[in-house]
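Scroll down for the structure; my scribbles are underneath it.
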Amino acid sequence: MFRLSQYMRELVEPTPVRHRRGPVRPVVIWNLTRRCNLRCRHCYTTSADVEFPGELTHDEAMAVLEDLGAFRIPALILSGGEPLARRDLFEIAGRARQMGMYLSLSTNGTGVVRETADRVAEIGFDYVGISLDGIGRTNDWFRGRAGAFDMALAGVRACKARGIKVGLRFTITADNASQLPDLLALCDDEGVDKFYLSHLVYAGRGDKHRGEDADRRRTRWAMDILLDRAWVAAAEGQPLEIVTGNNDADAVYLLRWVEANFSPDKVAHLCRHLQAWGGNSSGVGVANIDPQGNVHPDTYWSDYTIGNVRQAPFSALWTGDDPMLAELRKRPRPLKGRCGDCAHQAVCGGNTRIRALQLTGDPWAEDPACYLDDAEIGVDPAPRLEVTPFRGKSHDPAHRFN
């Protein structure tokens, strides 16, 4: 996650750079279930409203939680599928709160109403992230269910009414990019605390529909909107927090923006902060446990498993000698193509490796979703790796909910 607003505030009120020391305890994103009442086009877990076999039992899940607590992870994000579809969600969440974890709920929002919203408030979730992929029918088309927008908005309002910090998550594609300004306006109208723009990752149904990814022109347009909004908020003390995810080139784009608008000392200060952050955190500062207990470098690496919590504790798997984790933790990483030649590896960290893996079979190839040109990243002009549509079902309207 790239905390755009945080780095904008460094331009207004600079703070000392904090460097990581020693092993990093990861934020754990735990997909508790694949069951979900929606069928989103970009769902990385390919969830559906059915029972999936082999998911962790209640006792197994509670044992995992005890290990996470003893390992002192900094934050736990309970996700899905739709995590509210898991019957023991609140037992898991309640125990996590007892252990003092920072606790987030990642939900589609359609079920966060009435007694359920009361339970979320009683547990004391630090943050609830609700996904919206457009306004009204646009969101409903993306999420495969008529009325999904209205139900999710009701969830936002239920959280706000109970004093719960709530954010909107928006995955940008060619089909919904134009609605970004409307979603930011919705945040203002509803008093939303955080806006999270996610770039598309080619995993699950997101890989099937990768041909619908936002092109570079749309991505830069969207980032310009967010940069402007985040700067005004930082300069004027406005409350909306803006973050982005799944394209660490955003940090380099911010740095180039600062170079064009601020003094060299501001540029140098921000660059030091961005280098201390280090860009992509797969296998370093973020980890994933899937519904069956498999551990992955992040939520999109479902095809690569470090181990399973049924056979070994998460803490042992994460601190073991897994070869992919070792490579992901190298700085610099063994990158190739434009990413290997990029002058900003210390800021970006090589971006999102799973997109390169999905297109080429090589996790160290260049990320095809980098929207910066060769001059901006300091490399000689070279052919670009282009995204092509998934060779599966056609994209005609008859298949739009598949």
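Scanning segment 214-230 for residues that are open to solvent by 70 Å² or more (accessible area, probe 1.4 Å) and closer than 13 Å to Met8 by Cβ gives a single hit, Asp228. Note on segment 16-31: residues that are in contact with a Gly (Cβ under 7 Å, 6 or more places away or on another chain) and of a type in the set (A, V, I, L, M, F, W, C) total 2. You will find that of Glu82, Glu91, the residue that is out of contact with any helix residue (DSSP H, G or I) (no Cβ under 8 Å at 6 or more places or on another chain) and at pLDDT 95 or above is Glu82 and no other.
Yes or no: segment 105-112 includes at least one residue that is out of contact with any Lys or Arg (no Cβ under 9 Å at 6 or more places or on another chain) and open to solvent by 40 Å² or more (accessible area, probe 1.4 Å). No; the residues of segment 105-112 include none that is out of contact with any Lys or Arg (no Cβ under 9 Å at 6 or more places or on another chain) and open to solvent by 40 Å² or more (accessible area, probe 1.4 Å). Just so you know, in segment 241-273 the residues that are in contact with a strand residue (DSSP E or B) (Cβ under 6 Å, 6 or more places away or on another chain) and among the hydrophobic types (A, V, I, L, M, F, W, C) include one that is nearest to Leu372 (Cα to Cα), and it is Ala251.
Across segment 277-306, the number of residues qualifying as farther than 25 Å from Leu359 by Cβ, more than 16 Å from the chain's Cα centre (by Cα) and open to solvent by less than 20 Å² (accessible area, probe 1.4 Å) comes to 2. Residues in segment 160-197 that are part of a strand (DSSP E or B), at pLDDT 95 or above and either of a type in the set (A, V, I, L, M, F, W, C) or touching a Lys or Arg at 6+ places or on another chain (Cβ under 8 Å) (or both): Val166, Gly167, Leu168, Phe170, Lys194, Phe195, Tyr196, Leu197. Which one is modelled with the lowest pLDDT, of the residues in segment 1-40 that are open to solvent by less than 30 Å² (accessible area, probe 1.4 Å), under 30 Å from Gly111 (Cα atoms) and out of contact with any strand residue (DSSP E or B) (no Cβ under 8 Å at 6 or more places or on another chain)? If we take residues in segment 1-40 being open to solvent by less than 30 Å² (accessible area, probe 1.4 Å), under 30 Å from Gly111 (Cα atoms) and out of contact with any strand residue (DSSP E or B) (no Cβ under 8 Å at 6 or more places or on another chain), then Leu38 is modelled with the lowest pLDDT.
Going residue by residue through segment 132-139, is there one that turns out to be within 23 Å of Ala61 (Cβ to Cβ) and of a type in the set (A, V, I, L, M)? No, because not a single residue in segment 132-139 is within 23 Å of Ala61 (Cβ to Cβ) and of a type in the set (A, V, I, L, M). All told, Asp207 meets the bar of being assigned to a helix (DSSP H, G or I), buried (at least 20 other Cβ atoms within 10 Å of the Cβ) and modelled with pLDDT under 95.
Might you check whether a residue that is open to solvent by 10 Å² or more (accessible area, probe 1.4 Å) and assigned to a helix (DSSP H, G or I) occurs anywhere in segment 47-57? Looking for residues that are open to solvent by 10 Å² or more (accessible area, probe 1.4 Å) and assigned to a helix (DSSP H, G or I), one finds none in segment 47-57, hence no. Among the conditions (1) open to solvent by 20 Å² or more (accessible area, probe 1.4 Å); (2) more than 19 Å from Pro23 (Cβ to Cβ); (3) in contact (Cβ under 8 Å) with a residue 40 or more places away in the chain, Pro313 misses just one, which is (2). The listed residues are Gly124, Gly134, Gly109, Gly81, and the only one of them that is of a type outside the set (S, T, N, Q) and more than 20 Å from the chain's Cα centre (by Cα) turns out to be Gly124.
Could you list, ordered by first residue, the pairs with Cβ atoms under 8 Å in which the first is in segment 271-282 and over 21 Å from His199 (Cβ atoms) and of a type in the set (A, V, I, L, M, F, W, C) and the second is open to solvent by 20 Å² or more (accessible area, probe 1.4 Å) and part of a loop (DSSP other than H, G, I, E, B), at least 6 apart or interchain? Listed by first residue and then by second, the contacts come to Ala276/Val17; Ala276/Arg18; Ala276/His19; Ala276/Arg20. Note on segment 144-176: among residues that are surrounded by fewer than 20 Cβ atoms within 10 Å (Cβ to Cβ) and within 19 Å of the chain's Cα centre (by Cα), the one that is farthest from Gly109 (Cα to Cα) is Ala174. Within segment 68-91, restricting attention to residues that are part of a helix (DSSP H, G or I) and of a type in the set (A, V, I, L, M), the residue that is most open to solvent (accessible area, probe 1.4 Å) is Ala70.
The values are calculated or read from the model by the stated rules, or taken from the named source; none is laboratory data. The model shown is predicted, which means the values in this text are computed figures rather than measured ones. Virtual Cβ from ideal backbone geometry, glycine too; neighbours counted across all protein chains shown. We work out accessible area using only protein heavy atoms, side chains counted, and drop any ligands, DNA or RNA first. Shrake-Rupley method; radii C 1.70, N 1.55, O 1.52, S 1.80 Å.
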